[in-house]
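To keep things clear, I will list the structure first and then write my remarks on it.
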Amino acid sequence: MTYEVSRVELADIMPLRVAVLRKGTPATDCNYPEDSYPDVVHFGIIHEGTAIATSTWFMKECPEVPNISAIQLKGMAVAEQLQGAGLGALLIDAGIALANEHQASVAWARARDSAMGFYERLGFVSTGDGFIDGPTAMPHHIVVRTL
Ligand SMILES: CC(C)(COP(=O)(O)OP(=O)(O)OC[C@H]1O[C@@H](n2cnc3c(N)ncnc32)[C@H](O)[C@@H]1OP(=O)(O)O)[C@@H](O)C(=O)NCCC(=O)NCCS
């Protein structure tokens, strides 16, 4: 099976975001303020009309490396039964290509500690103190990839 990343609409990915990122969490909705940024890009992998993987990217300063051009990714989610098949890595590749178009110097995310191995495998480094994210109540760290 060959999977392709494309630019999609927020409505296409919201059911997947909620199913994967709001499973057993205090928050039940998965809207982000950044979804309305003018430069926001939602990437999706669509299979038989349904999103099976997604992430959302926008230019935003990283609190751990201020004053340099930075792109943030958020809402990284792969359908549970397809995790570990390389789809997440495809989304990161698409986001890094977008980052290069924007001439961003870093890409960063607020990463769940449970996903840290994924980000490290894709060239991100954990920086700063850990924190508990409000919507998920899960431990997180900021991760940064230098471009
Ligand atoms: C985290 C997530 C997005 C990764 O996507 P994925 O499609 O499962 O990951 P991939 O198959 O592309 O993995 C790429 C590499 O990272 C590794 N990896 C993936 N998830 C990992 C994890 N949780 N811990 C350690 N390594 C991991 C894979 O083994 C693979 O390494 P390899 O190239 O040596 O084989 C996905 O598992 C997911 O949606 N998890 C639940 C939601 C979540 O935690 N989202 C992130 C919020 S910050």
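The values are calculated or read from the model by the stated rules, or taken from the named source; none is laboratory data. Everything numeric in this text was worked out from a predicted model, so none of it was measured. Please note: Cβ atoms are built from the backbone with ideal geometry, for glycine as well, and neighbour counts cover all protein chains shown.
Below are the figures for this structure:
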| quantity | calculated |
| --- | --- |
| Cβ pairs under 6 Å, 6+ apart, first in the range 34-61 and without any contact (Cβ under 8 Å) to a residue 12 or more places away in the chain, second assigned to a strand (DSSP E or B) | E61/A70 |
| Failed item in (1) closer than 24 Å to P26 by Cα; (2) surrounded by fewer than 16 Cβ atoms within 10 Å (Cβ to Cβ); (3) touching a residue at least 12 places away in the same chain (Cβ under 8 Å), with H140 passing the rest | (2) |
| Any chance A11 is among the small types (G, A, S), out of contact with any Cys (no Cβ under 6 Å at 6 or more places or on another chain), loosely packed, with under 15 Cβ neighbours inside 10 Å and farther than 17 Å from A111 by Cα | yes |
| Residue check for A89: over 20 Å from A19 (Cβ atoms) and near the ligand (Cβ under 7 Å from one of its atoms) | yes |
| Any chance P135 is surrounded by 12 or more Cβ atoms within 10 Å (Cβ to Cβ) and either aliphatic (A, V, I, L, M) or within 18 Å of T56 (Cα to Cα) (or both) | yes |
| Test: residue in the range 45-55 that is surrounded by fewer than 17 Cβ atoms within 10 Å (Cβ to Cβ) and either more than 23 Å from M1 (Cα to Cα) or near the ligand (Cβ under 8 Å from one of its atoms) (or both) | no |
| Every residue from the range 98-122 that is closer than 28 Å to R22 by Cα and either out of contact with any strand residue (DSSP E or B) (no Cβ under 8 Å at 6 or more places or on another chain) or part of a helix (DSSP H, G or I) (or both) | L98, A99, D113, S114, A115, M116, G117, F118, Y119, E120, R121 |
| Selection status of I13, β-branched (V, I, T), at pLDDT 95 or above and in a strand (DSSP E or B) | no |
